[in-house]
Amino acid sequence: TAGIPHAARAADRLSLPMCYVRSKPKAHGKGNQIEGAVVKGQKVVVIEDLISTGGSVLEAAAALTEAGCEVLGVAAIFTYGLPKAAAAFSEAGVEYHTLTDYDTLTEAALAGGYITEQDAAKLKEWKADPESKSWMN
């Protein structure tokens, strides 16, 4: 849902229609998973705020594809750049682009004096293995 304002702004500026994809169909009413105009064969770009593993945005892309849309790709504001996300997008055959990423943010924070070299090393260690807690030491 955090991508909705960005998608609405882009759709408005480009004079294009917009729809919203829920993570699951509604349990009441019409039971829609997609709200808004969707036409079979319609070309769509999914707008997202943050890509971590890619799971939620790829589920949205799959729902749109199932509804008959042609998903051209995903545009997001930020990605952690995790290998798991790159693999998921590759496996799904969905292209994605982001405005910025974790490495750029870390470099900017270091250059701006917001974090230390030691902090940057820990952040890099986290990115290499987010499941591990070794970076917490």
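The values are calculated or read from the model by the stated rules, or taken from the named source; none is laboratory data. Model, not experiment: these values are computed from the prediction. Neighbour counts are summed over all protein chains in view; Cβ atoms, including those assigned to glycine, are modelled from backbone coordinates with ideal geometry. For accessibility, only protein heavy atoms count, side chains too; no ligands or nucleic acids. Shrake-Rupley method; radii C 1.70, N 1.55, O 1.52, S 1.80 Å.
Take the chain and mark each of the GluC sites (Glu not before Pro) that is in a DSSP loop with at most 13 other Cβ atoms within 10 Å; the longest unmarked stretch, sites excluded, is 1-94.
For the pair ASP12 and GLU107, the difference between a 0.36 nm per residue extended length and the Cα-Cα distance amounts to 30.9 nm. The residues LYS124, LYS84, sorted by heavy-atom accessible surface at 1.4 Å with ligands and nucleic acids left out, run LYS124, LYS84 from largest to smallest. Antiparallel as a % of all DSSP beta bridges within the chain, to the nearest 5? Here the antiparallel bridges make up roughly 15 percent for the chain. Expressed as a fraction of 2.2 N^0.38 Å, the value expected for a compact globular protein of N residues, the C-alpha radius of gyration of the range 71-137 is 1.29.
Across the chain, the convex hull enclosing all Cα atoms gives 135 Å³ per residue. The LYS127 and ILE4 beta-carbon pair, evaluated with R₀ = 25 Å, returns a calculated FRET efficiency of approximately 0.35.
The lysine pair count for the chain, using Cα distances under 18 Å and pairs eight or more places apart or on different chains, is 5.
Sorting ARG13, ARG22 on solvent-accessible area from highest to lowest, probe radius 1.4 Å, gives ARG13, ARG22. Run through all the Cα pairs of the range 28-108 and give the fraction in each 10 Å bin from 0, expressed as whole percent. Going out from 0 Å in 10 Å bins, the range 28-108 shows 18, 47, 25, 9, 1 percent. For the chain, the longest principal axis of the Cα atoms and the long axis of helix 117-128 meet at an angle of about 40 degrees.
With helices as the sole contributors, the chain gives -12000 deg cm²/dmol at 222 nm; each DSSP H run of n ≥ 4 counts as -39500 (n - 2.57), and the sum is divided by every residue.
Backbone geometry of the range 9-18 corresponds, through the Karplus equation with coefficients 6.51, -1.76 and 1.60 at θ = phi - 60°, to 3J(HN,Hα) couplings of 5, 5, 4, 5, 5, 9, 6, 10, x, 9 Hz, x marking Gly and Pro. Accessible surface of THR98, taken over heavy atoms with a 1.4 Å probe and every protein chain present, rounds to 50 Å².
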